Amino acid sequence: MATSIDSTALDHTSNVSDSCHFMPCKIHFDGEAKISDFFCSSFKHEDGSLTGKFRGRPLNGKELNVPEGYTGVVLTEPHKRSTEEEDRLLIPSHTFDKFTYWNLDKEPSPDDLIERALQWVDLSAVLHRPLSTEQSQDSQEMSGQGVVGRARTTKQKGPYRSWGIFAIHCATNVPQSQ
Amino acid sequence: MDPERRQSSKGSLSEEKKNEKIKREKSASSSKEKDQWVCVLHDELVKTKHTEESDRLQSSVCKLRHPRTKAGGLYLISPEETEIFQLFNFKEKYRSWFIGNKVHSDGDLNFTAPMDPLFLLLPYLMATNESKKFMTLDQLICDEDFPDCVKLVSLCSPDQVSLISDCKDIDDDTKVYRFSKEKTLSWLKQKTEILADALADKKVQVSSKGSHSSMFVRSKSAATSRESFVEYAHGIVSDCLSVTLEEELKIYLGISDEKEKDQDSQAENEPPKKRAKLEGDITPTDDYSLGVDLKKSKKNTKLTTAQKQLSKVDKSGMKSISSFFSPKS
């Protein structure tokens, strides 16, 4: 029933930082392809911007670093379990500490969803950092009763939900292999 | 040429065909066995010190009750069960990965973000609020649907738990806890303030009026008030809180729902209007209506010969021609 990640295998993974690309298109295929021959050869570095071509379409790329303290990992499940009760083991096959994300004919900007997603990681770390007991005690003495205001049910969802535009939600299912 | 391209070249698909296509794609991707996931994991989860003991320990994926949705959420726990991370799924409509020389059709990115275990503990603490009893962590954290919740016991240190609850020492080693609303609200307020500071530091757009592009140059920089940051931070914090606690925190922080129109309009100073402002009474320089008096009778118009002859005749018994064309009464 338990799902675990074998971190000892990390030493045996290949680092794909230079060849990890986040494409702006859905490709219905899994497997080997001559990416370096046909895609990587179209790259052009001009004035600090990266452009490429894929299937005749212009792409604008930007290299993004994985946030500090994190590692990009490609997890695989080599043995599919035969029953629901069996334990699952996920093994890292590749690692990366940066990757290139591509937009279709649009300059990469900090408004791009993937950039905001990574920014969310930093913000989340700030929110979830455990408070030190000293900090908390001081604030309890100072806070008093707080400000009294009218309780109103929020009719519309607050502005912070705009982070939701990049469909951030709790993964509710353990990655299904069936 | 793949079938999707052929269909689109025929022109717009009807709604039915579109739905069928989506169903086919969905079933195709779910029947395709997913066995690779691109993730961004915290180093705690993947980089372990290689001692004999720790080689046996591994990070685990657990299903725990989400404090807001009450449904299951996926969380990752570090090998030594000291830290917990929430698993997020980033999904854009049309994305795929190239990893080395391999194509990976699933364009999702799964990433982990740290999670304060107290947020996960809160629902259990609050559930026992009515009884007002002091309980140990083992007794508090019971959940039939989510057996992994026992791991929360080792994740929550007594110091941290005492930040949101009243605690007592029993029998030297045993500690018991009871939910404390005041402590919890104070703790949440601190968290919100720290987050608001971070939002201000990173200059995140928090205004409620539409979305702003970071590339749009404004003529005057809008100073976002501290209140907007606190309100925005409250929103983010509420993602980990139950609805009732969200409302209580809102009151505690003093956030009001009223939209301040003045604040918003001042925030965007438009470039000066091109039309020159007029001063004084606005009257037209040429007023053509002055010479005309509508009440005066019309000038005498010339009459035709037939009309002249008719005016000489006695018309008392005559019917007008239009009476022959009126509908039968």
If we ask which residues in the range A:11-32 are within 7 Å of chain B (Cβ to nearest Cβ) and crowded, with 16+ Cβ neighbours inside 10 Å, their number turns out to be 10
Practice item. Would you confirm whether any residue within the range B:166-180 is part of a helix (DSSP H, G or I) and either hydrophobic (A, V, I, L, M, F, W, C) or modelled with pLDDT under 90 (or both)? Key: no
When B:Val161 is run through (1) buried (at least 18 other Cβ atoms within 10 Å of the Cβ); (2) modelled with pLDDT under 85, the failure sits at (2)
Check your understanding: Looking at this structure, is B:Leu74 farther than 21 Å from B:Leu245 by Cα and in contact with a Lys or Arg (Cβ under 7 Å, 6 or more places away or on another chain)?
Key -> yes
Quiz item: For the range B:109-119, does any single residue satisfy the condition of being over 25 Å from the mean Cα position of the chain (by Cα) and within 27 Å of A:Glu63 (Cβ to Cβ)?
Solution: no
Note to self: For the structure I just gave you, tell me whether A:Lys53 is open to solvent by 50 Å² or more (accessible area, probe 1.4 Å), assigned to a strand (DSSP E or B) and not small (Gly, Ala, Ser).
What the structure shows: yes
Counting only helices (runs of 4 or more DSSP H) entirely within the range B:32-142, those with at least 3 residues that are among the charged types (D, E, K, R) and at the interface with chain A (Cβ under 7 Å from one of its Cβ atoms) are none
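The values are calculated or read from the model by the stated rules, or taken from the named source; none is laboratory data. On a predicted model such as this, the values are computed, not experimentally measured, just so you know. Quick reminder, even Gly has a Cβ in these numbers, built from the backbone with ideal geometry, and neighbours come from all protein chains shown. Accessible surface is based on the protein model in full, side chains and every heavy atom, while ligands, DNA and RNA are left aside. Shrake-Rupley method; radii C 1.70, N 1.55, O 1.52, S 1.80 Å.
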